[in-house]
1. Exactly one condition in (1) in contact (Cβ under 8 Å) with a residue 24 or more places away in the chain; (2) out of contact with any Ser or Thr (no Cβ under 7 Å at 6 or more places or on another chain); (3) under 26 Å from residue A:160 (Cβ atoms) is false for residue B:43; which is it?
2. Name every residue in the stretch B:28-40 that is buried (at least 21 other Cβ atoms within 10 Å of the Cβ) and out of contact with any Leu (no Cβ under 9 Å at 6 or more places or on another chain), in order of residue number.
3. Considering only the stretch A:34-59, state which residues are in contact with a Leu (Cβ under 6 Å, 6 or more places away or on another chain), touching a residue at least 24 places away in the same chain (Cβ under 8 Å) and closer than 17 Å to residue A:72 by Cα.
4. Among the candidates A:161, A:153, A:119, which residue alone is over 23 Å from residue B:66 (Cβ atoms), facing another protein chain (nearest Cβ under 10 Å) and among the small types (Gly, Ala, Ser)?
5. How many residues does the stretch A:98-116 contain that are facing chain B (nearest Cβ under 8 Å) and at pLDDT below 90?
6. What pairs can you find where one residue is in the stretch B:83-103 and within 11 Å of another protein chain (Cβ to nearest Cβ) and in a loop (DSSP other than H, G, I, E, B), the other is polar (S, T, N, Q) and surrounded by 15 or more Cβ atoms within 10 Å (Cβ to Cβ), and their Cβ atoms are less than 8 Å apart, with a gap of 6+ or different chains?
7. Among the numbered criteria (1) at the interface with chain A (Cβ under 7 Å from one of its Cβ atoms); (2) surrounded by 17 or more Cβ atoms within 10 Å (Cβ to Cβ), which single criterion is violated by residue B:20?
8. How about the stretch B:23-33: which of its residues are more than 7 Å from chain A (Cβ to nearest Cβ), hydrophobic (A, V, I, L, M, F, W, C) and in contact (Cβ under 8 Å) with a residue 40 or more places away in the chain?
Amino acid sequence: MLTGEFIAFMALALVAIIGGVLLINLTKVIHMVVALVFTFVSIAGIFVILSAEFIAAVQILIYSGAITIIMLFGIMLTRHDDTSEPITGKWRKLFLLLGVLGFGVAVYIGIYNLDIPQAANTLHVDNTEQIGISLYSHFIIPFELTSVLLLVALIGAIVLAKKDEDDEKEAEKE
Amino acid sequence: MSSVPISAFLALALILFCIGLYGALTKRNTVIVLISIELMLNAVNINLVTFSKYGVAPAITGQVFALFVITVAAAEAAVGLAILIALYRNRKTVNIDEMDQLQG
């Protein structure tokens, strides 16, 4: 029963969960973001186990590359020496913990003995080619709409983060 | 065929989702709240890819959908950080409980 796949899954899952727990427990904001990189990379490993090699590559590029760097920029541009103190109020934290744990237990009851008969699949054969064919035939309209969404997000982010020229002039006058 | 049961993958996704939910609700720094939301989206991606391989009808659709989720998550992170920087310029704070302009 102790096959290589199982050992790889356990190791990756352990690293992912440790990264998440460090996110909750560390005090410095930058350390939290760096701890989450471990989680993102091991989730990419989980995708490889699930025969989704292309998603794994995208996960490493987008999450542990782009999003982590953009979050680090966000921290550097605001308060880089911030030590995130927890929200005051022990009761609030306790109730939140109980609520999240309740949610977790409720979902776990639903999934713990889920057994779906395994059907043969060919996902591991030419994975990227399959995704490409699917994207350009069946999902062509959502795929093109995604480009519009990214354009809107790009322009929106620039407009929001741009410094207001009028405000600057007024500030200089004062 | 596979030595790892499907419920193991789903349980891992559940644990990561719970960590992300707890972080999003308890942390004060807005950047950490944003990145906790990314963690939750990532946990959902694990579920999508798991069902695309071990579901009742295995198909590539789950992986394509995970790609769309990653795209939308990246757009959300960019816009969220732009809003955060605009707020920081006006209010000089990144703590989420001090952003209460809409509170009566």
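1. (3)
2. Scanning the stretch B:28-40 gives a single hit, B:29.
3. Within the stretch A:34-59, just A:36 meets the criteria.
4. Among A:161, A:153, A:119, only A:161 is over 23 Å from residue B:66 (Cβ atoms), facing another protein chain (nearest Cβ under 10 Å) and among the small types (Gly, Ala, Ser).
5. 6
6. B:94/A:78; B:94/B:29; B:94/B:30
7. Every condition holds for residue B:20 apart from (1).
8. Selection gives B:33 alone.
The values are calculated or read from the model by the stated rules, or taken from the named source; none is laboratory data. For clarity, every value in this text was computed on a predicted model and none was experimentally measured. When we count neighbours, we look across all protein chains shown, and the Cβ atoms used for this are built from the backbone with ideal geometry, even at glycine.
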